[in-house]
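The values are calculated or read from the model by the stated rules, or taken from the named source; none is laboratory data. Worth saying up front: this structure is predicted, and the values here are computed from it rather than measured. So basically every Cβ, Gly included, is an ideal-geometry build from the backbone, and we count neighbours across all protein chains shown.
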Amino acid sequence: MSLKESDMARTITIRDTTLRDGHQSLWATRMSTAMMLPVAQRLERAGVDSVDVMAHVIMDSAVRFAKDNPWDRVRILRKLMPSPVMAGYSAGKVAWGFRLSPSDILELCTELTIKSGVNMITAMNGLIDLDMMVDQLKQAKALGAKTAAALVYSISPVHTDALYEAKAREIIERADVDYIMLKDAGGLITPDRAASLVDAVRRGTGDKKLTFHSHSMTGMAGRVYMIGVDHGVDDLQCSIWPLAQGSAQPSTQMIVKNLRSKGYVLNIDDEQVEAASQHLLGVARRHGFPVGAPVEYDDSHYDHQIPGGMLSNLRSQLASANLLDRFEELIAEIKIVRAELGWPTMVTPFSQLVANQALFNVISGKRYGSVPDEVTHYVLGHYGKLLAPVEPNVLDKILSKSTPDARKAPQELEPALPGLRKRYPNASDEERFLRYMIPEAAVEDMLREEAARKANTASFERDYGPVSGALVELLGKAANMTDVAEVNIQTANMRIRVVR
């Protein structure tokens with residue numbers, strides 16, 4: 001579908017990714033709940049259609065590093081953002097890296113996520129195996145949430161326009177999702193491909209909303225977004241600078257400006273976006289976080305298709321083994337392994353799976369001489385149906401090196417919730433879920449921090465009443481004044497002192 005004269009005034013919505021993928025891509029998922037509060041207040045007033053707030057990696061990092069309860073985070077954000085749709089991500093049955101989870105745990109996660117305040121669930125599977133997504137999407141819709149199915153983009157002989165059109169049509173027929181999401185995790189879609197791809201997906205979506213998610217690692221995402229809108233995309237996923245560009249999404253500020261210049265309508269309050277931007281810039285300066293910046297075009301991304309965050313990890317692994325001089329050899333091996341394994345999409349967990357096997361091949365000097373169990377699970381279809389067959393000689397090598405346990409056929413896992421409820425009789429299901437998915441020591445640390453914070457909040461509210469949104473915003477500004485050592489806020493019956 002190409003742009004018609006009558007389409008020029010249509011309204012395009014923005015899905016904000018600042019509080020999820022923005023800091024996941026640029027700040028190693030280190031944004032705390034406290035850092036988010038002023039941004040959330042601005043997003044409420046800014047007119048964005050939806051806000052990403054939840055994903056499994058976000059939950060994990062909230063517990064391990066910020067010592068924040070991720071369920072409380074969502075509840076707090078929902079109070080500050082009653083208007084926009086709040087969105088959560090799930091990788092379906094492969095929800096936590098390589099770990100397959102029992103159905104009752106996945107169902108509990110969906111239920112708790114929606115109960116906490118999220119009212120859109122986006123499901124994805126790197127192999128675009130819809131069987132791995134349908135049950136969760138149906139459950140979310142039955143619980144009253146909007147649903148979105150992410151079709152993950154990749155470049156290979158099997159990732160054709162026809163494939164994406166068919167998958168869009170099928171998931172709508174099977175799960176009646178509200179949105180189809182074209183997800184370009186590697187920032188790989190080129191302007192030439194964008195037109196035909198969006199046309200194909202648009203044919204498959206019918207009148208469902210089509211949202212576009214990309215990253216700026218090749219420097220083309222902003223242009224690709226514009227072409228996508230011209231060909232029927234309704235919604236663009238952007239992040240507020242300084243959590244935009246680089247390995248993150250295009251910036252809200254520039255995308256809004258560009259679309260308006262072409263005659264599209266965006267109901268975005270620029271002043272509110274800019275205020276959020278200034279807050280984030282203060283956080284970056286105070287904590288030494290990087291700010292997003294445009295990157296030069298690097299053609300090698302189209303060979304290895306590795307997500308940006310993984311490249312630095314691979315360099316680090318090689319450096320620790322005194323093998324950094326073999327980095328280019330590893331990149332070349334990753335390209336070969338991906339083809340041999342049937343062109344898995346280079347997105348979590350499959351990008352790690354391909355890279356780990358390539359790393360074993362390079363370091364050992366013997367290709368497939370050592371095979372991680374996860375690679376065996378992949379070739380046997382534990383993580384979903386393969387889009388293309390594994391090369392027969394490679395499959396033989398993998399199975400000959402695998403353990404008997406790794407070769408076992410995937411089965412429905414035993415329910416885990418009854419055992420968790422018995423083991424933790426006094427805990428909530430929210431706590432039980434965290435204890436199941438995250439190392440217990442990390443959960444214990446988070447719970448101690450949470451109890452201490454709640455005790456301080458309870459003491460404050462007992463003496464002075466509930467904390468207002470205006471006070472939250474004022475304290476956020478005070479905390480980010482990098483050139484001020486102390487701030488005193490005083491009223492007739494209250495005094496607050498903030499010391500750096």
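Tabulated results
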item: Flag for A168 being buried (at least 22 other Cβ atoms within 10 Å of the Cβ) and either touching an Asp or Glu at 6+ places or on another chain (Cβ under 9 Å) or within 24 Å of P82 (Cα to Cα) (or both); result: no
item: Number of the condition not met by K67 [criteria: (1) at negative phi; (2) of a type outside the set (A, V, I, L, M); (3) surrounded by fewer than 20 Cβ atoms within 10 Å (Cβ to Cβ)]; result: (1)
item: Search result, residues across the range 398-443 that are β-branched (V, I, T) and surrounded by 17 or more Cβ atoms within 10 Å (Cβ to Cβ); result: I398, I438, V443
item: Total residues in the range 126-138, condition buried (at least 18 other Cβ atoms within 10 Å of the Cβ) and free of Cβ contacts under 8 Å to residues at least 60 places away in the same chain; result: 5
item: Condition check for V347: of a type in the set (A, V, I, L, M), outside any helix (DSSP H, G or I) and in contact (Cβ under 8 Å) with a residue 12 or more places away in the chain; result: yes
item: Positions within the range 52-62 being crowded, with 24+ Cβ neighbours inside 10 Å and over 12 Å from the mean Cα position of the chain (by Cα), in sequence order; result: A62
item: T376 vs. criteria outside the structural domain of K67 (by TED's automatic domain parsing), surrounded by 13 or more Cβ atoms within 10 Å (Cβ to Cβ) and touching a Pro at 6+ places or on another chain (Cβ under 9 Å); result: no
item: Verdict on V273 being under 23 Å from the mean Cα position of the chain (by Cα), modelled with pLDDT of 95 or more, in a helix (DSSP H, G or I) and not basic (K, R); result: yes
item: Filter result for the condition that a residue is over 19 Å from R42 (Cα atoms), touching a residue at least 40 places away in the same chain (Cβ under 8 Å) and either surrounded by 24 or more Cβ atoms within 10 Å (Cβ to Cβ) or more than 23 Å from the chain's Cα centre (by Cα) (or both), over G282, G228, G246; result: G228
item: Residues satisfying the stated conditions in the range 292-318, i.e. among the hydrophobic types (A, V, I, L, M, F, W, C) and either in the same structural domain as V57 (by TED's automatic domain parsing) or at pLDDT below 75 (or both); result: M310, L311
item: Selection within the range 219-262 - modelled with pLDDT of 95 or more and hydroxyl-bearing (S, T, Y); result: Y225, S239, S251, T252, S261
